[in-house]
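One structure below.
The values are calculated or read from the model by the stated rules, or taken from the named source; none is laboratory data. Keep in mind it's a predicted model, so treat the numbers as computed, not measured. Glycine also receives a Cβ, built like all others from the backbone with ideal geometry; neighbour counts cover every protein chain displayed.
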Amino acid sequence: MEKFVRIEHVGQTFVTPRGAFVALHDVNLTVAPGEFISLIGHSGCGKSTLLNLVAGLTRPTTGVLLCAEREITGPGPDRAVVFQNHSLLPWLTCFQNVHLAVQRVFGAKENKAQLAERTRAALELVGLAYAQGKLPGEISGGMKQRVGIARALAIEPQVLLMDEPFGALDALTRAHLQDELLKIVAATRSTVVMVTHDVDEAVLLSDRIVMLTNGPAATIGEILTVPLARPRDRVALSGDTTYLACRSAVVDFLHRRYSNPAQGATPAVASLATT
Amino acid sequence: MMSTTVIAADSPRIAAWRIWMESALRAAIGPVAGFALFVLVWQAIAMSVPEIPTPGVTWDAARVLFADPFYDNGPNDQGIGWNVLASLRRVGIGFGLAAVVGIPTGFVMGRYAAANAMFSPLVSLLRPVSPLAWLPLGLLLFKGADLAAIWAIFICSIWPMVINTAAGVARVPQDYLNVARVLSLSEWQVMSKVLLPSVLPHILTGVRLSIGMAWLVIVAAEMLTGGTGIGFWLWDEWNNLKVEHIVVAIFVIGVVGLLLEVALVRLARHFAYREE
C-alpha cells in the first residue's frame, strides 16, 4: 500500500534557557491514504509537537518527514490544520474565512462563481450554510469549530491534521461533532491525523491509535489497530466487545503502563528514597 | 385613581417615549448638577477675586466672540473661528506626517526583532522629552514659526503611534499567523487579511492618544511661536488683559479636544472586532 505520510527517525529538541529539552525521540510512523490516525498520550508528551512537525509549522531536529513522497519543509495547504481553538479570523465572516483558504488554493484555476460555490459547499458539508454571513464572534464554539473544519476540508488537502479539535467543547457538542466528522471523513475519504486525549474519541474515530510514552524524549509506545467496521455508530458500539477491548487497551497503556506524570507517582517514590 | 386612568389611556408608543424621556433625564441629571456646582464655585471665586471674570461676564464675552467668529482684520486680528481652524490645520499636518512615518515604523518594529532592538531604546529615550524642547530645532531647521509648530506636533504625536502599532503587531495571536502559514498566504494577503485588521484597533488607540497629545501641545507651541492659532490668541488676549476671553479660549480648547476624542472613539469602535 502507498505510504502517504512517512515519519522517519524524527526527534525534536527545544533549546530553552535551562538547557536543551528533548521533546520527541526517534518517532517512526507511516500513514496510509484514507487512514484515520489518532495520536494519544498525556499532556506534555509531544503529540501536538508531532502534529506541528507534520504540518510543517516546526522543523525536526533529527530525522525526516514526507508527505506523498515529498519532504515536508514547511507548512502548506496540502496539509490542512484544524486548530484546537478554531483560529478563525474574527474580522471575517464564516464565508470569508473559508473563502480566503479556497481562493488561495483554487484562485488561479477557477473563476469567482466556482470559488464561491466551493466555499458554500464546504459550509454545507458541516451544516452551516445558513450562518455563512455571521462573524465568528456571533456563533457558538461548536459552530466555530465546524467552520474551522470546513475551511480545512474546502482546500481538499492530502492530509487533514486536527489538534484536539473538540477539546474545548462540552461533551454533547463534542459527541455530535464526532458523528459529523465520521460522516464527512467517510464521504471525502480524507486521510486524517488527529491529536486527542479522549480515549472514547480515539476508539470511535480511528483506524489506528498511536499511543505516545510520557515526555521528555517521548516516542511511540504502542500502535493499536481498531478493527471496527464502518460506518460506526456510537450507541451500538457502547456495549460492543471489540470496542470495549480497544478502549481498555488504551486505558491500560495510559493509566497503568504510562501513568499520568502530573499525578506524581514516580516523584513520590523518589522523595521517599531521598528522605 | 386619576393617574392610573391617564397611564392606561397612553398608547404603547407614548409609553415607550416616556420611558426614553425618563432615562434621558436621568442620564442628564449628573452632568447638569456637576456644571451647576462648577458655575457656583466659579461665581464665588470671581466675587472674592475681582480679576477673575464672573460666569455672566464670560458668557456675554463669548456671545460677542461667537457672533462673528470668522472676521479677518489682518494677520494679528482674526476671529476665534479662524484661530481654531489654524490650530487644527497644524495639528492635522503634523499628525498626518507623524502617522505616515510612525505607523510603518511601528509595523517594522513589531514584525522584526532586530528593528525593535535598534529603535526601542531610542523611542524610550526620546518619548519623555517635552515636544516644546524640540521647538528651537524646528525654528532652526525650517526658519518659520508655522513649520516649527507643525514640527513640534509631529514629534509629540509620533511616539504613541509607533509604540501602539509595534505592540499591536507583536501581539497578533500566533494562531492567526499559523493559519496564514498553513494556507501559504502571500505576503500581501498576510498584511491585508491578517496583520492589518488585527493591528488596526491598536493603531487607532495610538492615533487617539496622538491627537489628544497634539491638541495639548499645539496651544503651548503657538504661545511660543505666535502668528495665528488658538494658543496664540489666548496669549494675545492675556497681553490685552481680556481675562474673560482667556476663559472662553479654555472652554473652546476643551470642546474641540472632546470632539476629536469622541470622533476617534467612534471610528475605533467601527473597526473593533470581537475576539473569540
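Numbers at a glance
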quantity	calculated
So A:GLY215, is it crowded, with 21+ Cβ neighbours inside 10 Å, part of a loop (DSSP other than H, G, I, E, B) and in contact (Cβ under 8 Å) with a residue 12 or more places away in the chain	yes
Yes/no for A:LYS112 being under 25 Å from B:GLU187 (Cα atoms) and among the charged types (D, E, K, R)	yes
Residue identified as surrounded by 18 or more Cβ atoms within 10 Å (Cβ to Cβ), within 23 Å of B:ALA272 (Cβ to Cβ) and within 14 Å of chain A (Cβ to nearest Cβ) among B:VAL172, B:VAL207	B:VAL172
Every residue from the range B:179-197 that is of a type outside the set (Val, Ile, Thr), within 15 Å of A:GLN96 (Cα to Cα) and within 7 Å of chain A (Cβ to nearest Cβ)	B:LEU183, B:LEU185, B:LYS193, B:PRO197
Residues of the range A:128-148 that turn out to be touching a helix residue (DSSP H, G or I) at 6+ places or on another chain (Cβ under 7 Å) and either without any contact (Cβ under 8 Å) to a residue 12 or more places away in the chain or more than 20 Å from A:ASN85 (Cβ to Cβ) (or both), as a count	3
Any pair with Cβ under 7 angstrom, 6 or more apart, that starts in the range A:30-49 at a residue that is in the same structural domain as A:ARG208 (by TED's automatic domain parsing) and in contact (Cβ under 8 Å) with a residue 40 or more places away in the chain and ends at one that is part of a loop (DSSP other than H, G, I, E, B) and of a type in the set (Gly, Ala, Ser)	A:PHE36/A:SER206; A:ILE37/A:SER206; A:SER38/A:SER206; A:GLY44/A:GLY215; A:CYS45/A:GLY215; A:GLY46/A:GLY215; A:LYS47/A:GLY41
The range A:141-199: number of residues that are closer than 24 Å to A:VAL250 by Cβ and among the basic types (Lys, Arg)	2
Yes/no for A:GLY63 being of a type outside the set (S, T, N, Q), assigned by TED's automatic domain parsing to the domain that holds A:ASP200 and not in a strand (DSSP E or B)	no
Subset of the range A:77-103 that is modelled with pLDDT under 90 and facing another protein chain (nearest Cβ under 7 Å) - its residue that is nearest to B:LEU195 (Cα to Cα)	A:SER87
Subset of the range B:233-262 (residues that are without any contact (Cβ under 8 Å) to a residue 60 or more places away in the chain, touching a helix residue (DSSP H, G or I) at 6+ places or on another chain (Cβ under 9 Å) and loosely packed, with under 13 Cβ neighbours inside 10 Å)	none
Filtered residue count, the range A:127-143, keeping only those that are in contact with a Leu (Cβ under 8 Å, 6 or more places away or on another chain) and either away from chain B (no Cβ under 13 Å) or of a type in the set (Asp, Glu) (or both)	4
